[in-house]
């Protein structure tokens with residue numbers, strides 16, 4: 001069975017494989033060959049897109065990203081929700097799966113893209129200063145929430161596959177970020193958080209919160 005690959009990854013994979021083939025043809029140095037083989041394997045692994053078993057029920061929200069919970073705090077989300085919210089931040093390193101998934105079944109109300117810097121995604125100010133793509137959504141029960149893709153230190157491209165008015169099922173793929181990044185989720189105040197700092201989560205599988 002082949003490795004599931006995100007469609008956005010194929011140009012990078014073909015380039016990596018092409019360069020590796022050229023190196024093998026023109027360079028007999030074993031160390032150089034091994035380096036480019038490992039580079040190609042890394043690129044393939046980065047864009048892997050495995051199938052996930054999404055937990056049923058409309059009362060839970062799943063993680064939008066693979067990674068580590070680096071922040072849980074009460075904030076005022078002023079751009080889209082314009083209200084107090086619970087913010088959960090998930091940091092993805094370069095070895096995580098980088099395909100992002102919808103935290104809950106919802107309708108996309110608004111998408112706000114902001115170009116910006118490429119600070120390390122685990123820094124607090126990355127939420128404000130980095131390139132990012134925020135999605136305002138409304139759940140089946142009418143609750144509004146935000147999930148925000150944030151580019152990281154070496155990330156240079158945010159991919160969002162959905163547009164305003166689209167409907168997503170919980171755990172459905174909606175985009176990805178290339179090469180290290182972060183996703184912040186803003187939930188209505190009072191939402192019951194199911195994770196803690198340092199927890200490792202899996203996109204579309206790990207329950208991060210429950211509607212109150």
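Throughout, read-outs are computed from the coordinates displayed, never taken from laboratory work. These numbers come from a predicted model, not from an experiment. Every residue, glycine as well, gets a Cβ built from its backbone with ideal geometry; the counts of neighbours run over all protein chains shown.
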Among 186, 25, 113, rank each residue by its count of other Cβ atoms within 10 Å, from fewest to most, as a rough exposure measure.
25, 113, 186
Calculated P(r) over Cα pairs in 10 Å bins from 0, in percent (choose from (1) 8, 30, 38, 22, 2; (2) 8, 33, 33, 20, 6, 1, 0; (3) 9, 34, 34, 14, 7, 2, 0), label:
(3)
Which angle from 0 to 90°, rounded to the nearest 10, does the C-alpha axis of helix 30-46 make with the longest principal axis of the chain?
20
Report, in degrees rounded to the nearest 10, the 0 to 90 angle that the Cα long axis of helix 10-26 makes with the longest principal axis of the chain.
20
Mind ranking 78-90, 55-67, 9-21 by how tightly packed they are, going by the mean number of other C-beta atoms within 10 angstrom, highest first?
55-67, 78-90, 9-21
Relative contact order of the chain (C-alpha contacts under 8 Å, at least 6 apart) in percent is 25
Note down the nm distance, to one decimal, between modelled labels 7 Å out along Cα→Cβ at residue 189 and at residue 76.
1.0
Please give the calculated 222 nm ellipticity per residue for the chain, where each DSSP H segment of at least 4 residues contributes -39500 (n - 2.57) and the sum is spread over every residue; nearest 500 deg cm²/dmol?
-5500 deg cm²/dmol
Roughly how many Å is it from the Cα centre of region 1-67 to that of region 155-207, as a whole number?
20
Sorted by Cβ density within 10 Å, fewest first, the residues 77, 51, 138, 164
51, 164, 138, 77
Among 44, 3, 208, which comes first, second and so on when ranked by fewest other beta-carbon atoms within 10 Å?
3, 44, 208
